[in-house]
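Colleague: Before I ask anything, here is the structure I am working with.
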Amino acid sequence: MYTLSTKDEKLGPIMSRNFDIAVFEGDGIGPEITQPAVAILQKLADSAAGYDLTLTAHPAGAAHYAKTGESLPQASLDAAGQADAILLSAMGLPDVRYDDGTEISPQIDLRKAFNLFAGVRPVRVAAGQRTPLKIPDGREIDFVLIRESTEGLFYSQGTGTVTQDDARETLRITRDVSEKLFRFAFQLATDRKARGLGPGRVTCVDKANVFRAFAFFRSIFDAEAKAYPDLIADHAYVDATALWMVQKPWDFDVLVTENMFGDILSDLGAGLMGGLGVAPSADIGLEQAVFQPCHGSAPDIAGQGKANPMAMILSAAMMLEWLGLKHEVPEMCGDGARLRAAVEGVMAEGKTVTADLGGQASTAETGAAVMAAL
């Protein structure tokens, strides 16, 4: 375990708020993409007057499970709960599984442990960024997909029943979690509208025409929408949403949906941005939050310096903005925005990016380019 503190003893005491960040380096390429993200965060905090960061690594993941039989030690879970935020890298290895055949996934354990019901997946294509779509003049892709992250079809993870002739999993939607989820979505849309990022529109994505559970989900959404008369509240079936995300993604603002639907649509959103290597995410609850890239651990390229660190760095930017808003530290919000702009600038320039973005740069070189852009 390592600890990095941004405090510089040569400068003496600085009147600023210190934030403890629990870092999980992950598996496969995880440690490689964590290093530049942590270095950038430390550099930002070193030059900041309004905040300080202490980043502490804790063990977890498939490789740790293979060695010890524990995927998320209790000490690591306790440290995560006491931290101000959690920065989590890619987790899991395809050849390391639990006895029931499911993958090692501490990220899901953290969501459940801290009730991180709002999975936030921003989908943004900046000017010059690679995308498989042809974006019409005057249009831009900048929307947020919010995935409920604690129940839905993931509810019975590891406890589903399987016989020789039958397999069953339970989809669960509760009023309590759904109300929190929709309130989060409407508040996010309100904030985006105030900052000129969207028209103030929230779309409930479901399959209410087939499943009673989703009709229930939609009814809770409609009830919550009444508290936000200044926003647009509408609905879309999940299959139609997948179509429209390809045909007209610039029409979306905030989308909110069930766990499994959100899991699938978030990867489609990553495809619009050029791939999972540039797709950040956050899982947010009432008190705690986890920030991590959407992609997996890619063990086939681990240790080769080929991994794209952008999603991890963008997740770190989301963490700064969330902490800044929660604790009213404007400088953190500003640094988060600057970091996102630096990543977008490096990608648009295209000279120092990894192979998945059409370049030849290494993980370290790409991270250094973002640092230089700051």
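No value in this document is a laboratory result; all are computed from the given coordinates. None of these values were measured; they are calculated from a predicted model. In this analysis, Cβ positions are derived from the backbone assuming ideal geometry, glycine residues included, and neighbour counts consider all displayed protein chains.
Colleague: Could you tell me how many cubic angstrom of Cα convex hull volume the range 136-212 has per residue?
Modeller: 158 Å³
Colleague: To continue, here is another question. 222 nm [θ] for the chain, helices only, -39500 (n - 2.57) per DSSP H run of 4+, per residue, to 500?
Modeller: -12500 deg cm²/dmol
Colleague: Kindly write out, for the range 119-128 in residue order, the coupling ³J(HN,Hα) from the Karplus curve 6.51 cos²θ - 1.76 cosθ + 1.60 (θ = phi - 60°), rounded to whole Hz, with x marking Gly and Pro.
Modeller: x, 9, 10, x, 10, 9, 10, 7, 4, x
Colleague: A further question follows. Between D251 and E287, what length comes free when the chain is fully extended (0.36 nm per residue of separation minus the Cα-Cα distance, one decimal in nm)?
Modeller: Once the chain is fully extended between D251 and E287, it gains 9.8 nm.
Colleague: Roughly what would the spin-label model give for C333 and H235, points 7 Å off Cα along C-beta, in nm?
Modeller: 3.5 nm
Colleague: Could you give me the percent of Cα pairs per 5 Å distance bin for the range 204-343, shortest bin first, beginning at zero and ending with the bin that holds the maximum distance?
Modeller: Taking all Cα pairs of the range 204-343, the binned fractions are 2, 8, 14, 16, 18, 18, 13, 7, 3, 1, 0 percent.
Colleague: Could you tell me the relative contact order of the chain? Use alpha-carbon pairs under 8 Å, at least six residues apart, and round to a whole percent. Kindly include the intermediate steps, with their values, before the conclusion.
Modeller: Values: 770 pairs, mean separation 73.9, N = 374.
Computed over the chain, the figure is 20 percent.
Colleague: Say each of Q82 and T56 gets a label point 7 Å from the Cα, pointing the same way as Cα to Cβ; how far apart are those two points in nm?
Modeller: 0.5 nm
Colleague: Same structure, new question: Placing one identical point scatterer on every Cα of the range 103-241 and ignoring solvent, what is log10 I(q)/I(0) from the Debye formula at q = 0.16 Å⁻¹?
Modeller: One equal scatterer on each Cα of the range 103-241 leads to -0.99.
Colleague: Suppose the chain between A364 and N18 were pulled fully straight at 0.36 nm per residue; how much longer would it get relative to their current alpha carbon spacing?
Modeller: Working: separation 346, 0.36 × 346 = 124.56 nm, distance 2.74 nm.
Full extension of this stretch gives 121.8 nm more.
Colleague: Under 14 Å from a point 7 Å along the Cα-to-Cβ line of A355: which residues of the range 305-321 have their amide N that close?
Modeller: 305-308
Colleague: Now, a different point. Let me check I've understood the local charge: for A361, count other residues with C-beta under 15 angstrom from its C-beta, Lys and Arg +1, Asp and Glu -1. What total comes out?
Modeller: Details: positive: R130, K306, K351; negative: E32, E349, D356, E365.
Spelling it out: positives minus negatives among the neighbours equals -1.
Colleague: Now for a different question. Kirkwood hydrodynamic radius for the chain: how many Å is it when counted over pairs of different Cα atoms?
Modeller: About 21.2 Å, per the Kirkwood formula over Cα pairs.
Colleague: Students often check this: by mean Cβ neighbours within 10 Å, which of 20-31, 162-173 ranks highest, and how do the rest follow?
Modeller: The most tightly packed comes first, giving 20-31, 162-173.
Colleague: Okay, next question. Name the lysines eligible as straight-distance cross-link partners of K193: C-alpha to C-alpha under 26 Å, and not fewer than 8 places from it in the same chain.
Modeller: By straight Cα distance, K193 reaches K134, K180, K226, K248, K326.
Colleague: So in the chain, what percent of DSSP beta bridges are antiparallel if you round to the nearest 5?
Modeller: 45 percent
Colleague: Still on this structure, I have one more. Would you mind telling me the antiparallel percentage of the DSSP bridges in the range 184-322, rounded to 5?
Modeller: 35 percent
Colleague: Mind checking which of A279, W322, A227 is farthest towards the positive end of the range 212-360's charge dipole, using Cβ charges of +1 (Lys, Arg) and -1 (Asp, Glu) about the Cα centre?
Modeller: Highest projection toward the positive end goes to A279.
Colleague: Moving to a separate point now. Go through P36, G138, N18 and say which Cα lies farthest out towards the positive end of the charge dipole of the range 7-166; charges sit on Cβ, +1 for Lys and Arg, -1 for Asp and Glu.
Modeller: Checked the options; the winner is G138.
Colleague: Give the calculated FRET efficiency between R130 and D165 to the nearest 0.05, with a Förster radius of 35 Å applied to their Cβ-Cβ distance.
Modeller: Once rounded, the FRET efficiency stands at 0.15.
Colleague: Using a 7 Å offset from the Cα along the Cα-to-Cβ direction at both D95 and R212, what is the distance between the two label points in nm, to one decimal?
Modeller: According to this spin-label approximation, the distance is 4.7 nm.
Colleague: Give, in nm to one decimal, the length gained when the segment between A242 and S219 is fully stretched (0.36 nm per residue of separation minus the Cα-Cα distance).
Modeller: Gain on extension, A242 to S219, equals 6.1 nm.
Colleague: So what J values fall out for the range 315-330 if you push phi through Karplus, 6.51 cos²θ - 1.76 cosθ + 1.60 with θ = phi - 60°, rounded to Hz, Gly and Pro as x?
Modeller: Values per residue, Gly and Pro as x: 5, 5, 5, 4, 4, 4, 5, 5, 5, x, 5, 5, 9, 6, 10, x Hz.
Colleague: Another one. Determine the shape class of the range 135-181: with a ≥ b ≥ c the square roots of the Cα gyration tensor eigenvalues, call it rounded for a/c under 1.5, and otherwise prolate if a/b is greater than b/c, oblate otherwise.
Modeller: Oblate.
Colleague: Ok, one more. Among the trypsin sites (Lys or Arg not before Pro) in the range 208-308, which ones are in a DSSP loop with at most 13 other Cβ atoms within 10 Å of the Cβ? Mind listing them? Intermediate values should be presented prior to the final figure.
Modeller: On the way: sites: R212, R218, K226, K306; in loops: K226, K306.
Listed in order of number, the matching sites are K226.
Colleague: A further question on this structure: What are the ³J(HN,Hα) values, in whole Hz, obtained from phi via the Karplus relation 6.51 cos²θ - 1.76 cosθ + 1.60 with θ = phi - 60°, for each residue of the range 357-374 in sequence order, with x given for Gly and Pro?
Modeller: 9, x, x, 10, 6, 7, 4, 5, 5, 5, x, 5, 5, 5, 4, 5, 5, 6
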